[in-house]
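Read through the structure below, which is laid out as structure tokens, and then see the notes.
Here, each number is a calculation from the coordinates, and none is a lab measurement. Note that the structure is a prediction, hence the values are computed from the model and not measured. For neighbour counting, all protein chains shown are included, and Cβ atoms are generated from backbone atoms with ideal geometry for every residue, glycine included.
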Amino acid sequence: MLKRIISGGQTGADVTALKLTLEHGYPHGGWCPRGRRSLAGPIPASCQLRETPSKDYLQRTE
């Protein structure tokens, strides 16, 4: 049974997973770069991701 989706808000599968969590009400979380940035544009505030101190994508990935 699905308990929680963890995402970094990256373009592609991560964004798709976040969209599904919002559409179906699944719990989710994870980290995104400061400013909620992704290569596809800003990550919506409705996505429950915490921002890293840095804008660097590498810090989010770690």
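Within the stretch 47-58, residues that are in contact (Cβ under 8 Å) with a residue 24 or more places away in the chain reach partners that are surrounded by 12 or more Cβ atoms within 10 Å (Cβ to Cβ) with beta carbons closer than 6 Å, at six or more positions or on different chains, in the pairs CYS47/LEU18; LEU49/GLY9; LEU49/GLY30; LEU49/CYS32; TYR57/PRO33. Residues in the stretch 1-22 that are assigned to a strand (DSSP E or B), of a type in the set (Val, Ile, Thr) and surrounded by 14 or more Cβ atoms within 10 Å (Cβ to Cβ): ILE5 alone.
Cβ separations smaller than 7 Å between residues 6+ apart or across chains give no pair from the stretch 8-19 residues that are under 13 Å from ARG37 (Cα atoms) and in contact (Cβ under 8 Å) with a residue 24 or more places away in the chain to residues that are among the basic types (Lys, Arg) and surrounded by fewer than 20 Cβ atoms within 10 Å (Cβ to Cβ).
Yes/no per residue for (1) touching a Gly at 6+ places or on another chain (Cβ under 8 Å); (2) over 11 Å from ILE5 (Cβ atoms):
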| position | (1), (2) |
| --- | --- |
| TRP31 | yes, yes |
| ARG34 | no, yes |
| PRO44 | no, yes |
| GLN48 | yes, no |
| ASP56 | no, yes |
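Note on the stretch 23-43: among residues that are more than 15 Å from THR11 (Cβ to Cβ) and touching a residue at least 24 places away in the same chain (Cβ under 8 Å), the one that is surrounded by the fewest Cβ atoms within 10 Å (Cβ to Cβ) is PRO27.
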